[in-house]
1. So, in nm, how far is label residue 268 from label residue 167 when the simple model puts each one 7 Å beyond its Cα toward the Cβ?
2. Using alpha carbons only, how many degrees (0 to 90, rounded to 10) separate the axis of helix 136-145 from the longest principal axis of the chain?
3. Using amide H atoms built 1.01 Å from N in the peptide plane, name the residues 5+ places from residue 17, or on other chains, whose amide H lies under 5 Å from its own.
4. Springs between alpha-carbon pairs under 10 angstrom, Gaussian network model over the chain: which of 157, 176, 107 fluctuates most?
5. At a threshold of 8 angstrom on Cα-Cα distance, excluding pairs fewer than six apart, so keeping six or more, what relative contact order does the chain reach in percent?
6. With θ set to phi - 60° and the Karplus curve 6.51 cos²θ - 1.76 cosθ + 1.60, what are the ³J(HN,Hα) couplings of region 47-63 in order, to the nearest whole Hz, using x for Gly and Pro?
7. Per residue, how much accessible area does the chain have with a 1.4 Å probe, in Å²?
8. For region 48-190, build the convex hull from the C-alpha positions and give me its volume per residue in Å³.
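The values are calculated or read from the model by the stated rules, or taken from the named source; none is laboratory data. Bear in mind that the values here come from a model prediction, so they are computed numbers and not experimental data. Note: ideal-geometry Cβ built from the backbone for every residue, glycine included; neighbour counts use all protein chains shown. Side chains included, ligands, DNA and RNA excluded: accessible areas come from the protein's heavy atoms. Shrake-Rupley method; radii C 1.70, N 1.55, O 1.52, S 1.80 Å.
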Amino acid sequence: MGASLRIDLHTHSTASDGLLAPSRLVAAAREQYVGTLALTDHDTTDGIPEALAAGRACGVDVIPGVEINTDVDDHEVHILGYFVDHTRGGLQAFLQQMRDGRVRRAEEMVRKLAALGVRVDWARVSEMASGGAVGRPHIARALVAAGVVGTSQEAFERFLGRAGPAYVARVKLSPEEAVEVIAENGGVPVLAHPGWAASGPVLERVPQLVAHGLEGIEVYYPDHTAEMVETFHAVAARHGLVMTGGTDYHGGGIANRAPLGSVSMPADVVPTLRARWMAPRAQRSGGARS
Ligand code: AMP
Ligand code: ZN
Ligand code: FE
Ligand code: FE
(Lines give C-alpha, C1' and ligand atoms only; values in the text may rest on other atoms or scores of the structure.)
(Ligands and ions follow the chains in the order given, each with its own letter.)
Protein backbone atom coordinates (compact mmCIF):
# COMPACT_ATOMS: atom_id res chain seq x y z
CA MET A 1 0.00 0.00 0.00
CA GLY A 2 2.75 2.43 1.00
CA ALA A 3 4.50 2.05 -2.33
CA SER A 4 1.59 3.54 -4.21
CA LEU A 5 1.32 6.67 -2.06
CA ARG A 6 2.44 9.93 -3.61
CA ILE A 7 5.30 12.11 -2.42
CA ASP A 8 5.50 15.92 -2.43
CA LEU A 9 8.61 17.55 -1.01
CA HIS A 10 7.98 21.19 -1.96
CA THR A 11 4.88 22.99 -0.66
CA HIS A 12 3.86 26.34 0.86
CA SER A 13 1.25 27.25 3.46
CA THR A 14 -0.22 30.44 4.91
CA ALA A 15 2.93 30.68 7.06
CA SER A 16 4.39 32.20 3.86
CA ASP A 17 2.65 32.69 0.50
CA GLY A 18 0.51 29.56 0.27
CA LEU A 19 -3.27 29.74 0.45
CA LEU A 20 -3.92 26.81 2.79
CA ALA A 21 -3.21 26.75 6.52
CA PRO A 22 -0.67 24.03 7.42
CA SER A 23 -3.33 21.65 8.78
CA ARG A 24 -5.51 22.22 5.69
CA LEU A 25 -2.52 21.52 3.46
CA VAL A 26 -1.89 18.22 5.27
CA ALA A 27 -5.58 17.32 4.96
CA ALA A 28 -5.43 18.10 1.23
CA ALA A 29 -2.34 15.90 0.96
CA ARG A 30 -4.18 13.03 2.57
CA GLU A 31 -7.10 13.48 0.17
CA GLN A 32 -4.68 13.33 -2.77
CA TYR A 33 -3.03 10.13 -1.49
CA VAL A 34 0.19 11.95 -0.60
CA GLY A 35 1.88 9.79 2.04
CA THR A 36 4.93 12.02 2.54
CA LEU A 37 4.70 15.80 2.49
CA ALA A 38 7.43 18.36 3.15
CA LEU A 39 6.37 21.86 4.21
CA THR A 40 8.91 24.31 2.74
CA ASP A 41 7.68 27.82 3.45
CA HIS A 42 9.74 30.86 2.46
CA ASP A 43 11.96 32.08 5.31
CA THR A 44 9.82 30.58 8.06
CA THR A 45 9.29 27.37 9.99
CA ASP A 46 6.24 28.75 11.79
CA GLY A 47 3.86 26.34 10.06
CA ILE A 48 5.81 23.25 11.05
CA PRO A 49 4.36 22.45 14.50
CA GLU A 50 0.81 22.60 13.14
CA ALA A 51 1.73 20.52 10.07
CA LEU A 52 3.51 17.88 12.19
CA ALA A 53 0.52 17.60 14.53
CA ALA A 54 -1.93 17.34 11.61
CA GLY A 55 0.29 14.72 9.97
CA ARG A 56 0.37 12.62 13.13
CA ALA A 57 -3.39 12.89 13.45
CA CYS A 58 -4.21 11.78 9.90
CA GLY A 59 -1.30 9.54 9.01
CA VAL A 60 0.67 11.77 6.62
CA ASP A 61 4.44 11.65 7.11
CA VAL A 62 5.35 15.36 7.38
CA ILE A 63 8.97 16.40 6.78
CA PRO A 64 9.87 19.80 8.26
CA GLY A 65 11.51 22.09 5.74
CA VAL A 66 12.15 25.66 4.63
CA GLU A 67 12.92 27.49 1.37
CA ILE A 68 15.38 30.37 1.26
CA ASN A 69 15.33 32.56 -1.86
CA THR A 70 18.62 34.14 -2.84
CA ASP A 71 19.85 36.34 -5.69
CA VAL A 72 22.82 35.81 -7.96
CA ASP A 73 23.29 38.80 -10.26
CA ASP A 74 20.08 38.91 -12.30
CA HIS A 75 18.98 35.44 -11.32
CA GLU A 76 17.17 33.73 -8.49
CA VAL A 77 18.54 30.68 -6.74
CA HIS A 78 16.33 29.02 -4.14
CA ILE A 79 17.65 26.62 -1.53
CA LEU A 80 15.43 24.09 0.22
CA GLY A 81 16.37 22.82 3.68
CA TYR A 82 14.94 19.49 4.86
CA PHE A 83 14.79 18.44 8.50
CA VAL A 84 16.15 21.79 9.73
CA ASP A 85 15.94 21.96 13.50
CA HIS A 86 13.27 24.64 13.85
CA THR A 87 13.77 24.81 17.62
CA ARG A 88 17.19 26.48 17.32
CA GLY A 89 17.40 30.13 18.30
CA GLY A 90 20.16 30.85 15.79
CA LEU A 91 18.03 29.62 12.91
CA GLN A 92 15.02 31.60 14.13
CA ALA A 93 17.08 34.79 14.46
CA PHE A 94 18.30 34.35 10.89
CA LEU A 95 14.80 33.68 9.52
CA GLN A 96 13.39 36.65 11.44
CA GLN A 97 16.01 38.87 9.82
CA MET A 98 15.00 37.57 6.40
CA ARG A 99 11.31 38.17 7.14
CA ASP A 100 12.00 41.70 8.38
CA GLY A 101 13.80 42.28 5.08
CA ARG A 102 10.74 40.95 3.25
CA VAL A 103 8.51 43.51 4.98
CA ARG A 104 10.82 46.41 4.05
CA ARG A 105 11.02 45.12 0.49
CA ALA A 106 7.26 44.72 0.11
CA GLU A 107 6.70 48.23 1.53
CA GLU A 108 9.13 49.57 -1.05
CA MET A 109 7.31 47.72 -3.84
CA VAL A 110 4.04 49.27 -2.67
CA ARG A 111 5.73 52.72 -2.81
CA LYS A 112 7.00 51.98 -6.32
CA LEU A 113 3.51 50.97 -7.39
CA ALA A 114 2.14 54.22 -5.95
CA ALA A 115 4.74 56.16 -7.94
CA LEU A 116 3.45 54.34 -11.03
CA GLY A 117 -0.05 55.50 -10.18
CA VAL A 118 -1.16 52.12 -8.86
CA ARG A 119 -2.71 52.48 -5.44
CA VAL A 120 -2.58 49.45 -3.26
CA ASP A 121 -2.89 49.77 0.50
CA TRP A 122 -0.13 48.33 2.62
CA ALA A 123 -2.89 47.21 5.01
CA ARG A 124 -4.34 45.06 2.23
CA VAL A 125 -0.99 43.42 1.48
CA SER A 126 -0.47 42.83 5.17
CA GLU A 127 -3.91 41.28 5.43
CA MET A 128 -3.10 38.93 2.52
CA ALA A 129 0.05 37.80 4.35
CA SER A 130 -1.98 37.17 7.54
CA GLY A 131 1.04 37.50 9.81
CA GLY A 132 3.20 35.13 7.73
CA ALA A 133 6.35 35.78 5.71
CA VAL A 134 5.27 38.44 3.18
CA GLY A 135 6.11 37.96 -0.49
CA ARG A 136 5.32 39.19 -3.96
CA PRO A 137 2.35 36.81 -4.27
CA HIS A 138 0.64 38.76 -1.45
CA ILE A 139 1.12 42.03 -3.33
CA ALA A 140 -0.16 40.29 -6.47
CA ARG A 141 -3.29 39.17 -4.61
CA ALA A 142 -3.84 42.67 -3.23
CA LEU A 143 -3.61 44.00 -6.81
CA VAL A 144 -6.20 41.44 -7.92
CA ALA A 145 -8.45 42.36 -4.98
CA ALA A 146 -8.11 46.06 -5.90
CA GLY A 147 -9.14 45.26 -9.48
CA VAL A 148 -5.85 46.56 -10.91
CA VAL A 149 -5.11 43.23 -12.61
CA GLY A 150 -7.22 40.19 -13.40
CA THR A 151 -4.83 37.55 -12.11
CA SER A 152 -1.72 37.18 -9.96
CA GLN A 153 0.14 36.08 -13.07
CA GLU A 154 -0.73 39.41 -14.72
CA ALA A 155 0.55 41.26 -11.64
CA PHE A 156 3.90 39.51 -12.03
CA GLU A 157 4.00 40.15 -15.77
CA ARG A 158 3.17 43.85 -15.52
CA PHE A 159 4.70 44.91 -12.22
CA LEU A 160 6.34 42.40 -9.91
CA GLY A 161 8.55 40.16 -12.06
CA ARG A 162 12.32 40.68 -11.95
CA ALA A 163 12.15 42.96 -14.98
CA GLY A 164 8.95 44.65 -13.79
CA PRO A 165 8.78 48.37 -12.84
CA ALA A 166 7.83 47.68 -9.22
CA TYR A 167 10.43 44.98 -8.57
CA VAL A 168 12.71 45.43 -5.57
CA ALA A 169 15.64 43.12 -4.84
CA ARG A 170 15.53 41.07 -1.67
CA VAL A 171 17.95 41.11 1.28
CA LYS A 172 21.40 40.37 -0.06
CA LEU A 173 22.19 36.71 0.57
CA SER A 174 24.18 34.27 -1.53
CA PRO A 175 23.02 30.70 -2.15
CA GLU A 176 26.20 29.48 -0.44
CA GLU A 177 25.20 31.37 2.73
CA ALA A 178 21.72 29.82 2.59
CA VAL A 179 23.28 26.35 2.20
CA GLU A 180 25.51 26.97 5.22
CA VAL A 181 22.70 28.22 7.46
CA ILE A 182 20.64 25.11 6.68
CA ALA A 183 23.57 22.72 7.21
CA GLU A 184 24.58 24.45 10.45
CA ASN A 185 21.06 23.94 11.74
CA GLY A 186 20.92 20.23 11.11
CA GLY A 187 19.18 20.39 7.73
CA VAL A 188 19.90 18.86 4.35
CA PRO A 189 20.42 21.72 1.83
CA VAL A 190 18.93 21.07 -1.62
CA LEU A 191 19.06 23.24 -4.76
CA ALA A 192 15.43 24.03 -5.72
CA HIS A 193 14.03 23.90 -9.27
CA PRO A 194 17.30 24.32 -11.20
CA GLY A 195 15.24 24.29 -14.41
CA TRP A 196 13.58 27.63 -13.63
CA ALA A 197 14.43 30.08 -16.40
CA ALA A 198 14.87 32.74 -13.68
CA SER A 199 17.62 30.66 -12.08
CA GLY A 200 19.95 31.24 -15.03
CA PRO A 201 23.04 29.07 -15.51
CA VAL A 202 22.82 27.72 -11.94
CA LEU A 203 24.32 24.31 -12.76
CA GLU A 204 27.68 26.01 -13.23
CA ARG A 205 27.52 26.95 -9.57
CA VAL A 206 26.87 23.42 -8.29
CA PRO A 207 30.53 22.54 -7.54
CA GLN A 208 30.85 25.72 -5.48
CA LEU A 209 27.56 25.03 -3.69
CA VAL A 210 28.68 21.47 -2.96
CA ALA A 211 31.91 22.83 -1.48
CA HIS A 212 29.74 24.85 0.91
CA GLY A 213 27.62 21.85 1.92
CA LEU A 214 24.92 21.35 -0.75
CA GLU A 215 23.61 17.80 -0.46
CA GLY A 216 20.78 17.53 -2.93
CA ILE A 217 19.11 18.75 -6.09
CA GLU A 218 15.39 19.03 -6.87
CA VAL A 219 15.29 16.88 -9.98
CA TYR A 220 11.52 16.33 -10.25
CA TYR A 221 9.50 19.51 -10.67
CA PRO A 222 6.47 20.52 -12.76
CA ASP A 223 8.37 22.68 -15.29
CA HIS A 224 11.25 20.26 -15.70
CA THR A 225 11.35 18.60 -19.12
CA ALA A 226 12.45 14.97 -19.52
CA GLU A 227 15.74 16.30 -20.86
CA MET A 228 16.26 18.51 -17.80
CA VAL A 229 15.47 15.60 -15.48
CA GLU A 230 18.14 13.56 -17.25
CA THR A 231 20.68 16.38 -16.95
CA PHE A 232 19.96 17.00 -13.25
CA HIS A 233 20.09 13.28 -12.61
CA ALA A 234 23.60 13.19 -14.08
CA VAL A 235 24.69 16.23 -12.03
CA ALA A 236 23.35 14.58 -8.87
CA ALA A 237 25.17 11.34 -9.65
CA ARG A 238 28.44 13.15 -10.37
CA HIS A 239 28.39 15.03 -7.06
CA GLY A 240 26.78 12.35 -4.90
CA LEU A 241 23.71 14.51 -4.33
CA VAL A 242 20.32 13.32 -3.11
CA MET A 243 17.54 13.72 -5.69
CA THR A 244 14.27 15.24 -4.52
CA GLY A 245 11.05 16.42 -6.12
CA GLY A 246 7.91 18.38 -5.48
CA THR A 247 5.17 20.53 -6.96
CA ASP A 248 5.88 23.89 -5.27
CA TYR A 249 2.20 23.85 -4.40
CA HIS A 250 0.81 27.18 -3.20
CA GLY A 251 -2.87 26.31 -3.00
CA GLY A 252 -3.65 26.77 -6.66
CA GLY A 253 -3.46 29.64 -9.10
CA ILE A 254 -0.02 30.93 -8.18
CA ALA A 255 3.32 30.35 -9.85
CA ASN A 256 2.88 26.92 -11.35
CA ARG A 257 -0.50 25.27 -11.06
CA ALA A 258 0.49 21.66 -10.60
CA PRO A 259 -1.85 19.88 -8.18
CA LEU A 260 -0.48 18.71 -4.85
CA GLY A 261 1.35 15.40 -5.21
CA SER A 262 1.22 15.45 -9.02
CA VAL A 263 4.96 15.15 -9.65
CA SER A 264 6.07 11.54 -9.65
CA MET A 265 9.44 10.39 -8.40
CA PRO A 266 11.04 7.15 -7.28
CA ALA A 267 9.80 5.97 -3.89
CA ASP A 268 13.36 5.68 -2.55
CA VAL A 269 13.72 9.49 -2.63
CA VAL A 270 12.30 9.71 0.89
CA PRO A 271 14.43 7.03 2.63
CA THR A 272 17.51 8.34 0.82
CA LEU A 273 16.84 11.89 2.01
CA ARG A 274 16.17 10.69 5.54
CA ALA A 275 19.35 8.58 5.57
CA ARG A 276 21.33 11.63 4.44
CA TRP A 277 19.91 13.66 7.28
CA MET A 278 20.79 10.97 9.81
CA ALA A 279 24.30 10.31 8.48
CA PRO A 280 27.08 11.83 10.56
CA ARG A 281 28.12 15.15 9.08
CA ALA A 282 31.61 13.88 8.18
CA GLN A 283 30.16 11.06 6.07
CA ARG A 284 27.91 13.33 4.10
CA SER A 285 28.98 13.98 0.56
CA GLY A 286 30.02 17.57 0.05
CA GLY A 287 30.95 17.63 3.71
CA ALA A 288 34.07 19.68 3.14
CA ARG A 289 32.78 23.05 4.19
CA SER A 290 34.92 26.12 4.31
P1 AMP B 1 9.28 36.52 -3.29
O2 AMP B 1 9.72 35.45 -2.34
O3 AMP B 1 8.54 37.61 -2.62
O4 AMP B 1 10.36 37.02 -4.19
O5 AMP B 1 8.21 35.81 -4.24
C6 AMP B 1 8.61 34.64 -4.88
C7 AMP B 1 7.40 33.80 -5.13
O8 AMP B 1 6.58 34.45 -6.08
C9 AMP B 1 7.73 32.46 -5.76
O10 AMP B 1 8.00 31.48 -4.80
C11 AMP B 1 6.48 32.16 -6.52
O12 AMP B 1 5.51 31.64 -5.63
C13 AMP B 1 5.99 33.51 -6.96
N14 AMP B 1 6.40 33.88 -8.32
C15 AMP B 1 7.64 34.18 -8.75
N16 AMP B 1 7.64 34.50 -10.06
C17 AMP B 1 6.35 34.42 -10.46
C18 AMP B 1 5.67 34.65 -11.70
N19 AMP B 1 6.34 35.04 -12.79
N20 AMP B 1 4.35 34.47 -11.73
C21 AMP B 1 3.66 34.09 -10.63
N22 AMP B 1 4.23 33.86 -9.43
C23 AMP B 1 5.55 34.02 -9.35
ZN1 ZN C 1 6.14 30.95 -2.81
FE1 FE D 1 11.31 28.44 -5.14
FE1 FE E 1 8.69 27.20 -3.45
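1. Output for this residue pair reads 4.0 nm.
2. Roughly 40 degrees between the two axes.
3. Residues meeting the criterion, in which the H sits 1.01 Å from N, are 42.
4. Its mean-square fluctuation being the largest, the pick is 157.
5. The normalised contact order for the chain reaches 21 percent.
6. Running phi through 6.51 cos²θ - 1.76 cosθ + 1.60 with θ = phi - 60° gives x, 5, x, 5, 5, 4, 5, 5, x, 4, 5, 10, x, 9, 7, 9, 9 Hz.
7. Per residue, the chain has 42 Å² of solvent-accessible surface.
8. Roughly 125 Å³ of hull volume per residue.
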